[in-house]
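Please treat every number below as a calculation from the coordinates, not as lab data. Remember, predicted model here, so these are calculated numbers, not experimental data. Glycine gets a Cβ as well: all are built from the backbone with ideal geometry, and neighbour counts include every protein chain shown.
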Amino acid sequence: MAHHKSAQKRIRQDAVIRLRNRYYKKSARTAIAKLRAMTDSKEAKTFLPKVISMIDRLAKRNTWHSNKASNLKSKLTNHVAKLA
């Protein structure tokens, strides 16, 4: 148990940040799965920038590693390109 005021505050902040990160990560994973399930090329091309934006945001905040983000973006872009 933390005894310092600043440590107690840090514990509270970490809990809030953890929940926020979980929400953004889950939203991104759901969007990625939705994009991979798409079969319509036009619909996928309009949805791809939104998914890439979500991935970039997670990488910028160090929630996901930048290499993971790059690999995901590459695979998703190839997937959409193959639909055409």
Looking at region 30-40, which of the residues that are of a type in the set (Gly, Ala, Ser) and surrounded by fewer than 13 Cβ atoms within 10 Å (Cβ to Cβ) is farthest from the chain's Cα centre (by Cα)?
-> Ala37
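Working carefully through the options Ala15, Ala81, find the one that is among the hydrophobic types (A, V, I, L, M, F, W, C), more than 30 Å from Ala2 (Cβ to Cβ) and free of Cβ contacts under 8 Å to residues at least 40 places away in the same chain. Steps first, answer last, please.
On the way: Ala15 fails: more than 30 Å from Ala2 (Cβ to Cβ).
One residue alone meets the criteria, Ala81.
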Search result, residues across region 42-60 that are surrounded by 13 or more Cβ atoms within 10 Å (Cβ to Cβ) and touching a residue at least 12 places away in the same chain (Cβ under 8 Å) = Ala44, Lys45, Phe47, Leu48, Val51, Ile52, Met54, Ile55, Asp56, Arg57, Leu58
Given Thr63, Thr39, which one is over 30 Å from Met1 (Cβ atoms), outside any helix (DSSP H, G or I) and either of a type in the set (A, V, I, L, M) or touching a residue at least 24 places away in the same chain (Cβ under 8 Å) (or both)?
-> Thr39
